[in-house]
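Participant: For reference, the structure I am asking about is given below.
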Amino acid sequence: MNHDSYPDEQIRSILKSTKTIALVGASANEARPSFIVLKYLIGRGFRLFPVNPGLAGQEILGAKVYGSLAEIPEPMDMVEIFRNSQAADAIVDEALALNPLPKVVWMQLSVRNDDAAARAEAQGITVIMNRCPKIEYGRLSGEIGWTGVNSRIISSKKPAMLRGFQKFTIDRR
């Protein structure tokens, strides 16, 4: 598979079909990107299972933290890797030992490990590398876009919403 670019429909399909996500490298520090992504995905209805051996048994945003993927008591649709490219090797191997296997292994921005990806794909797992599900969800839902950049006017104004409680979703086209 070509991991230099992914069709929008592939990313949209993954995000729409995913319900449970193990986030490996989760942090309880509100300033860390893994915390921000965890909070965002929980807010979009995903069930997150933070994985961090140093925080095992604690909670982040009401979700119990696990020390390893094997400790999570239910199947995962996606394993998201918030660690460096070298660490992705062992994490993918741990994911390949799960039964049932996750459907997707997603490596965060700047994380790319082609050998680990090939091993996962050989087992039928879809692999996304060097992408952020928070950014992709926001981009595909219209929460973030190029409107201000292309017009040379950057605005912090929120997009207009209809009345009542609403969130953008990836179902919007």
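The values are calculated or read from the model by the stated rules, or taken from the named source; none is laboratory data. The model shown is predicted, which means the values in this text are computed figures rather than measured ones. All Cβ positions, even for glycine, are placed from backbone atoms using ideal geometry, and neighbour counts span all protein chains on display.
Participant: Would you please name the residue that is farthest from K19 (Cα to Cα), looking only at residues in the stretch 79-96 that are of a type outside the set (D, E, K, R) and in contact with a helix residue (DSSP H, G or I) (Cβ under 7 Å, 6 or more places away or on another chain)?
Facilitator: Here the answer is A88.
Participant: If I ask for residues that are charged (D, E, K, R) and more than 14 Å from the chain's Cα centre (by Cα), which ones from the stretch 3-41 would you list?
Facilitator: Listed by number, the residues that qualify are D4, D8, E9, E30, R32.
Participant: Of everything in the stretch 73-95, what is in contact (Cβ under 8 Å) with a residue 40 or more places away in the chain, farther than 16 Å from L41 by Cβ and β-branched (V, I, T)? Give them in sequence order.
Facilitator: Hit for the stretch 73-95 is I91, nothing else.
Participant: Find the residue count for the stretch 13-28, including only residues that are assigned to a loop (DSSP other than H, G, I, E, B), without any contact (Cβ under 8 Å) to a residue 60 or more places away in the chain and more than 23 Å from G57 (Cβ to Cβ).
Facilitator: 1
Participant: Here is a list: D114, D77. Which entry is modelled with pLDDT of 95 or more, in contact with a strand residue (DSSP E or B) (Cβ under 6 Å, 6 or more places away or on another chain) and acidic (D, E)?
Facilitator: None of the others qualify; the one that does is D77.
Participant: Can you find a residue that is among the aliphatic types (A, V, I, L, M) and touching a residue at least 40 places away in the same chain (Cβ under 8 Å) anywhere in the stretch 96-103?
Facilitator: no
Participant: Might you check whether a residue that is touching a residue at least 40 places away in the same chain (Cβ under 8 Å) and within 24 Å of N130 (Cβ to Cβ) occurs anywhere in the stretch 58-69?
Facilitator: Within the stretch 58-69, one or more residues are touching a residue at least 40 places away in the same chain (Cβ under 8 Å) and within 24 Å of N130 (Cβ to Cβ).
Participant: Hey, any hits in the stretch 29-39 for a residue that's part of a strand (DSSP E or B), among the aromatic types (F, W, Y) and surrounded by 14 or more Cβ atoms within 10 Å (Cβ to Cβ)? Let's see the steps before the verdict.
Facilitator: At the first step, the residues of the stretch 29-39 found to be part of a strand (DSSP E or B) are none.
No, the stretch 29-39 contains no residue that is part of a strand (DSSP E or B), among the aromatic types (F, W, Y) and surrounded by 14 or more Cβ atoms within 10 Å (Cβ to Cβ).
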